[in-house]
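S.K.: Quick one: the structure is below, and I'll ask about it shortly.
The values are calculated or read from the model by the stated rules, or taken from the named source; none is laboratory data. The structure displayed is predicted, hence computed values, not measured ones. Quick reminder, even Gly has a Cβ in these numbers, built from the backbone with ideal geometry, and neighbours come from all protein chains shown.
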Amino acid sequence: MVETIGEAAGIIWQFLDSHGEASINKVTTETGLGKNDVQRAIGWLAKEGKLNIEIKGRVETLSLK
């Protein structure tokens, strides 16, 4: 499980590095990762201090620090 979460975190990091800020829904759709994998990977990246999470209205957005 930890390996899967780490791989998902890498995919999300690469996506954000290439595309910049994005909503969680866009990250999920564009990367093809499952919702649970995305949520776990967000936690991983946040714990490592690599992720900004902002709420804009009703949309949560992600960007790299």
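S.K.: Residues of segment 11-25 being over 23 Å from Met1 (Cα atoms) and either in a strand (DSSP E or B) or aliphatic (A, V, I, L, M) (or both), which ones?
M.R.: Ala22, Ser23
S.K.: Cβ-Cβ under 8 Å, sequence separation 6+ or interchain: first residue in segment 10-24 and within 12 Å of Leu51 (Cα to Cα) and modelled with pLDDT of 95 or more, partner of a type in the set (Gly, Ala, Ser) and surrounded by 18 or more Cβ atoms within 10 Å (Cβ to Cβ). Which pairs?
M.R.: Note: pairs meeting the criteria are Ile12/Ala41; Leu16/Ala22.
S.K.: Would you check if Thr28 is under 25 Å from Val2 (Cβ atoms) and either in contact (Cβ under 8 Å) with a residue 24 or more places away in the chain or not in a strand (DSSP E or B) (or both)?
M.R.: yes
S.K.: Kindly list, by first and then second residue, each pair from a residue in segment 36-47 that is farther than 11 Å from Gly6 by Cα and at pLDDT 95 or above to a residue that is in a helix (DSSP H, G or I) and not polar (S, T, N, Q), limited to pairs with Cβ atoms under 9 Å and residues at least 6 apart or on different chains.
M.R.: Gln39/Ile24
S.K.: Continuing with the same structure: Do the conditions hold for Asp17, that is, is it surrounded by 13 or more Cβ atoms within 10 Å (Cβ to Cβ) and of a type in the set (Asp, Glu)?
M.R.: Taking the combined requirement at face value, the residue does not satisfy it.
S.K.: Which one of these is surrounded by 15 or more Cβ atoms within 10 Å (Cβ to Cβ) and in a loop (DSSP other than H, G, I, E, B): Leu33, Leu45?
M.R.: Leu33
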